[in-house]
Each structure stands twice: as structure tokens, then as C-alpha cells.
């Protein structure tokens, strides 16, 4: 997973996505697929690291699983803000928002319990959406 992530980052940087002016056709046929794929692999890498740590019975340094999950969501937010602000990459941001909505939906599977992770995912999805809108307006 890390090899795929690193390869996608290298391609993303080599294509100068979000920094170079390219025809719409190239943007849709080349840049957009890499933006979306990089977003999904970013989330998948974070999720796989989390699952691996849980399967290894990692104690979390005394921090609750829910708090760790929230911290991981915040790290994903920071990575996303870095990409969307520096590269004006709306597609990448939308993939992450979609993932956060999925996290919130999954957390809501437990009836009558609203978790910190669920609330964090919803708040961060909304904040990211606002950030994407502001970034888009700033670049116009």
C-alpha cells in the first residue's frame, strides 16, 4: 500500500497537478484519475495502518480507540488541507469528504450512540467542503 501511495505521489508531483495549466481534455483524462486515485489510496493507507495496529492488539499508548480514531481523522484532514490549498485540488478533497461521510455512516450503525469519531467525521467533512469552496473562490 505504501509503495502505491509513494508512486502516486511521485506521479502527482511529476504531472504538476494543480500547478500546471493543461487543456480540459488532459485534465479530465489524466489529472482527474490520479487526483481521485491518490485520494482513495491516502484514505486506504490510513485505514490499513489502523486495522494493522488493531489486529496487533496495539494498546494505543493508553489513549482510547475512539480518541485515536478522531486523531486519525484529524491527520487525514491536515493532509487534505495541505493538498487542496497548495494544489487547488478539489477532486482529491471530494474523495476525502466522501470517505468521512462513509466513516460517519459506519459509526451510526450502533443505535442511539453518537460517537466522538462520528461527530468528528461529520464536522471535518463539513469543514473540508467549506475549505474546498473557499479555495475554489480564492483561485478564481
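The values are calculated or read from the model by the stated rules, or taken from the named source; none is laboratory data. In this text, all values refer to a predicted model and were calculated from it rather than measured experimentally. Ideal geometry is used to build each Cβ from the backbone, glycine not excepted, and the neighbour counts take in all protein chains shown.
Taken together, the criteria place residue 133 among residues that are at pLDDT below 85, closer than 27 Å to residue 13 by Cβ and surrounded by fewer than 14 Cβ atoms within 10 Å (Cβ to Cβ). Residues in segment 3-50 that are over 27 Å from residue 72 (Cα atoms) and free of Cβ contacts under 8 Å to residues at least 12 places away in the same chain: 14, 16, 20, 21, 22, 23, 24, 25, 26, 27, 28, 29.
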